[in-house]
Amino acid sequence: MNSKTKRQTLKTFYFIFTLFGLSVVMIDPLIPVIAEQINVGFDRIGIALFVGSIATLISNFIAGRLSDRVDIKKLVLFGLVLLFIGFALFGAYLNYILFVIVIILLRIGFGTVDTTVHSFSTKLYKKDISRIFLNLDIAWYTGAFLGPLIMSAVLYFDFLPRYLFFIVAFIYAASIFIFYRVCPKKRIQEDKLPSGSDKSLSRRKGLSSLKDPAVIMGSLVLFFYMGSLMGLSSWMTTYFLGFGVRVAYSSAILSLYWFFSIIGMIIAIRIVSKFREITILFYGCLAGTICLSMFSFIPNIYGKIAVLAIQAIFFSGIFPLTTAISAQRDQENSGTILGFTIAFAFAGSIVFQPVYGYVAEYFGKNYIAYIALGGALIGLIFTFILFRILKKNPSRKPAKD
C-alpha cells in the first residue's frame, strides 16, 4: 500500500472517529429526558445501558479476533451500517423496548468500529502507534466536545432531538460511502502464513498473546478506569441535576469536560516522544484520581466544574496509551489484543452502568461521583502494577514489515 493511500485512510479514520465521539456522547445528556419521555426510572435506563455494554463487549472481542483473520474493511463497514440503522430508528420512534434494541445496535456498531479502526491502524503503521492512537482519540474527543454542545442548544431552544438523530444517520451513510471508496482491503494474518502452515496453530498463537501480564494488567486498568469514567460521563447531567443544574446547562459542562480532554491529548502527543507511555499513563492516573476525589467532596458547583476540567486533562490519555502499550506487545496479533483490552473497557461499563443507575434512583444523584472515585482508586492500583511489570520487562514483539 502506497503512502498516499495510507494517509487518506488515516484521515478517513479521523473523520469517522469525530462522528463516533459526537454520536456516542450526544445520547448521554438525554438520559433524564428519555427516562421522562418513555416513563421509566433511572434503574431501568441503567439496565438498558447494561445490556448495551454486554453487546459492546462481545462485539469488541469478536471484531478483534476477526481483524487478524479477514478483510478489516468489511468489519468497519459492518459497524458503520449498524450505526446508520440505529440512529435512523432512534429518530423514528421511541419506547422502552425500542430503546433497548437501538442501544444494542448502536453499542455493537460502536464496539466494532472502535476495535477494527484501532486494529487497522496498527496494520498500516508498524511504528508510532501511540501517537496515532492519541490522534484518533483527539478526533473522538472533538466529536465528544461538540455533541453535548449541540444537544444543549437543541434542548435550550426546545427542538425535537429526533431530527438531529436523522441528521447523524445521514452523515453515517455518507461516511460508509467515503470509507468504501477511499480505504483499501486489508487482510492480515493468514496471507502471511507459509504454504502448508497450520491455521489453527496461528489462531492459538494469537490467543497466547493474551497471557502477557502487561496485557492482562492493561485490561484491568481499562476495566476500572473506563468503566467508572464512561459511567460518570453518561450520568454527569443526572449528577448535576441533583445540584439543581438544568440538563441544557449541564450538557455544556460535559462539553467542557471533553474540551479539556482534547487539551490533555495534545499535551500527551507533545511529550510521548520524551517519556515512556507507561510513565505518562501512571502519573496521569495518579493526578486525575486526586482531582476526582476533590470533585466528589467539593460542595461548590463552580469548584466542581474547575476541578472537573483539570481532571479531564490528566485522565484523557488512559485509553489510547493503555491500548497502545498492549498492542505493541505483539503487533502481529494486535487485533486480538485490542479486541480483548477494549472489551474489558466496556466490561467495566457492564458493571458500573447499572450501579450508577441504582445509586441515582435509590440513594440520590449526588452519590454518582463516589462510584466513579471508587473505580478510579482500584484502577490506580492496577496502573501501578502495570508500571512495575513494564519496568522489569519492557520488551515487546514487533510486527514484521
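Filtering segment 5-27 to residues that are among the hydroxyl-bearing types (Ser, Thr, Tyr) and over 21 Å from VAL182 (Cα atoms) leaves only SER23. Flag set for ILE31, criterion: farther than 30 Å from SER209 by Cβ and of a type in the set (A, V, I, L, M). For segment 355-397, residues that are at pLDDT 85 or above and assigned to a loop (DSSP other than H, G, I, E, B) total 1.
Checking the structure you have, find out if any residue of segment 271-294 is closer than 30 Å to ILE58 by Cα, in a helix (DSSP H, G or I) and of a type in the set (Ser, Thr, Tyr). The answer is yes, given that some residue of segment 271-294 is closer than 30 Å to ILE58 by Cα, in a helix (DSSP H, G or I) and of a type in the set (Ser, Thr, Tyr). Condition (residue is of a type outside the set (A, V, I, L, M, F, W, C), crowded, with 24+ Cβ neighbours inside 10 Å and within 27 Å of THR322 (Cβ to Cβ)) applied to segment 71-78: is it met by at least one residue? Scanning segment 71-78 turns up no residue that is of a type outside the set (A, V, I, L, M, F, W, C), crowded, with 24+ Cβ neighbours inside 10 Å and within 27 Å of THR322 (Cβ to Cβ). Within segment 239-255, the set of residues being among the aliphatic types (A, V, I, L, M) and under 18 Å from the mean Cα position of the chain (by Cα) comprises LEU254 only.
Among the criteria (1) under 25 Å from ALA287 (Cβ atoms); (2) surrounded by fewer than 18 Cβ atoms within 10 Å (Cβ to Cβ); (3) polar (S, T, N, Q), the one ASN393 does not fulfil is (1).
Would you confirm, using the coordinates I've provided, whether SER234 is within 22 Å of the chain's Cα centre (by Cα) and modelled with pLDDT under 80?
yes
Tell me yes or no: at least one residue of segment 197-207 is buried (at least 17 other Cβ atoms within 10 Å of the Cβ) and either closer than 22 Å to LEU19 by Cα or modelled with pLDDT of 80 or more (or both). Checked segment 197-207: no residue is buried (at least 17 other Cβ atoms within 10 Å of the Cβ) and either closer than 22 Å to LEU19 by Cα or modelled with pLDDT of 80 or more (or both). When LEU89 is tested against the conditions (1) touching a residue at least 40 places away in the same chain (Cβ under 8 Å); (2) over 30 Å from TYR125 (Cα atoms), the lone failure is (1).
Only residues that are closer than 10 Å to SER130 by Cα and surrounded by fewer than 24 Cβ atoms within 10 Å (Cβ to Cβ): list them for segment 311-336, please. Correct list: GLN328 only. Selection of segment 348-378 for residues being touching a helix residue (DSSP H, G or I) at 6+ places or on another chain (Cβ under 6 Å) and of a type in the set (Gly, Ala, Ser) yields GLY348, SER349, GLY357, ALA360, ALA369, ALA372, GLY375, ALA376.
Closer than 16 Å to ALA345 by Cβ and in a helix (DSSP H, G or I): does that describe LEU256?
Judged against the criteria, LEU256 is not a match.
Hey, does segment 120-129 have a residue that's modelled with pLDDT under 90, in a helix (DSSP H, G or I), under 17 Å from LEU80 (Cα atoms) and touching a Gly at 6+ places or on another chain (Cβ under 7 Å)? Scanning segment 120-129 turns up no residue that is modelled with pLDDT under 90, in a helix (DSSP H, G or I), under 17 Å from LEU80 (Cα atoms) and touching a Gly at 6+ places or on another chain (Cβ under 7 Å).
Assess whether TYR367 counts as being among the aromatic types (Phe, Trp, Tyr) and without any contact (Cβ under 8 Å) to a residue 60 or more places away in the chain.
So TYR367 passes the test.
Can you tell me which residue within segment 28-81, out of those that are among the polar types (S, T, N, Q) and in a helix (DSSP H, G or I), is farthest from LEU241 (Cα to Cα)? Looking at the filtered set, the residue picked out is SER67. When the test is whether a residue is crowded, with 24+ Cβ neighbours inside 10 Å, farther than 18 Å from TRP235 by Cβ and β-branched (Val, Ile, Thr), THR279 does not pass it.
The values are calculated or read from the model by the stated rules, or taken from the named source; none is laboratory data. Because the structure is a prediction, the values reported are computed rather than measured. Every residue, glycine among them, receives a Cβ derived from its backbone with ideal geometry; neighbour counts consider all protein chains shown.
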